[in-house]
Every structure is written in C-alpha cells, then in structure tokens.
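Q: Before we start, here is the structure in question, set down as structure tokens.
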Amino acid sequence: MDLDTLIQDRIRDVPDYPKPGVMFKDITPLLADHVAFAGVVDAIVNHHGRGTVDKIVGIEARGFILAAPVAYHFGAGFVPVRKKGKLPANSFEQTYDLEYGTETIEMHEDALAPGERVLVVDDVLATGGTARAAADLVARSGAEVVGISVLMELSFLHGRDKLGNLDVHSLVTV
Ligand code: AMP
C-alpha cells in the first residue's frame, strides 16, 4: 500500500463529532500503526529536507503528537502553541473566528528568536483559521514561517485561501 492510501485507510471518519454536522477526522488508528506513523513523519521531514528549519511549532493537541517526532528527525527544536491559559510564562496571544464564536491560542514570547526558520505542524487543515493564527504568532516573534505541514487538508473548506503565499504541504487532500 502506498503512503497516500495507507494514510487515508488509517484516518477514521467519525460523523457528528464533536457536534452535529461535523465529520471528525480521527487520526488515532494512524498513530497506532507504526508503519503509517513513521511514514508520515518521514514524509514531512523529507518534503522540506533536514537542516532547513530551526524550530517546529506544534498546535495543541493532536499537532503535538506529530510535531514532536518531526522535530526530532529534523534535528530541530519543538515549540508548543496552546489554547489560552495553558502556557506558564509570558505569551503572545492571537484570537481568530470559528464557525460559532472565537478561539484564542498562545505561544511563549521567548520561544522563537528573530530570524529562526519555523515549520508549523498540525493534523488537519480545515478552515485555516488555526494555522493562520499560529503563523501570525510566529511572525510576532520575528521568526519566519517556512511552511505549514498537515496530515490532511479538507479542501472543500478552502483553508489555503487564508494562508496567502505560505507554503502549505498536506500529505493527503480530501
Ligand atoms: P481550522 O482552524 O478550521 O483549520 O481547524 C483546524 C483545527 O481544528 C486543527 O487543529 C484540527 O485538529 C481541528 N479540526 C478542524 N476540523 C476538523 C475535523 N473535521 N476533524 C479533525 N480535526 C479537525
């Protein structure tokens, strides 16, 4: 099975979670399959190439699971972006719109140095609001977003449109 087929096979659709009308993309079967998990991590690292980034920014919570092994294999550091109120030290915050209401995410002010090259990693790109806000947090630090890597892109939600000319790399697109 090629990686594309393997990823699609190991991501489970859960209808009406966490609320009616949402088709949740559950990556836990993929994480439990060591061939699929390793293949995903390798594909993200190979797409950009070792030595091309200084820090991997992972987005809470499933983004952390992917971003940490990616950081290890890149030889890069890992930086968490978390929901408001979860980080202990001084943080930048960024608020963005959801379908209903807003969400605020944060990153430590000293997590990135100006000029550092940063790859943002998450599991799913949906409307793009979360990735956009994470990229804005990186920019506030004076660091540079070299790309955004996601396991799965839900193209019908046009998340890319929010991300301008940032390099968006998705392993599978549905
Ligand atoms: P968005 O800001 O709309 O691009 O949403 C992306 C964030 O919400 C990511 O952190 C995803 O983990 C999560 N997310 C949004 N939609 C889904 C979905 N259908 N299945 C799984 N996760 C999702």
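Q: Taking every DSSP beta bridge with both residues inside region 51-173, roughly what % is antiparallel (nearest 5)?
A: For region 51-173, the DSSP antiparallel bridge percentage is about 30.
Q: Continuing with this model, one more query. Taking a virtual spin label 7 Å from the Cα of residue 167 along the C-beta vector, which residues in region 30-61 bring their backbone nitrogen under 20 Å of it?
A: Backbone N within reach: 40-59.
Q: Given a Förster distance of 22 Å, report the FRET efficiency between residue 42 and residue 174 from their Cβ-Cβ distance, rounded to the nearest 0.05.
A: In this case the efficiency is close to 0.55.
Q: Can you tell me what percent of all Cα-Cα pairs in the chain are more than 21 Å apart?
A: Across the chain, Cα pairs with separations above 21 Å total 46 percent.
Q: Run the paramagnetic zone check for residue 103: 7 angstrom along Cα to Cβ, then residues of region 25-66 with backbone nitrogen under 13 Å.
A: Zone members listed by number: 25, 59-64.
Q: Sticking with this structure for a sec: Compute from the Cα atoms of region 109-174 the Rg and the Dmax, the latter being the longest Cα-Cα distance, and quote both in angstrom.
A: My reading of the Cα-based Rg and Dmax gives 11.8, 36 Å.
Q: Report the calculated FRET efficiency for residue 73 and residue 9 (r = Cβ-Cβ distance, R0 = 22 Å), to the nearest 0.05.
A: Efficiency at R0 = 22 Å is approximately 0.40.
Q: Using just the helices of the chain, give the 222 nm mean residue ellipticity in deg cm²/dmol: DSSP H runs with n ≥ 4 each add -39,500 (n - 2.57), and the total is spread over all residues, rounded to 500.
A: -9000 deg cm²/dmol
Bear in mind that the values in this text are calculations on the coordinates, not laboratory data. Quick caveat: nothing in here was measured; it's all calculated off a predicted structure. Glycine gets a Cβ as well: all are built from the backbone with ideal geometry, and neighbour counts include every protein chain shown.
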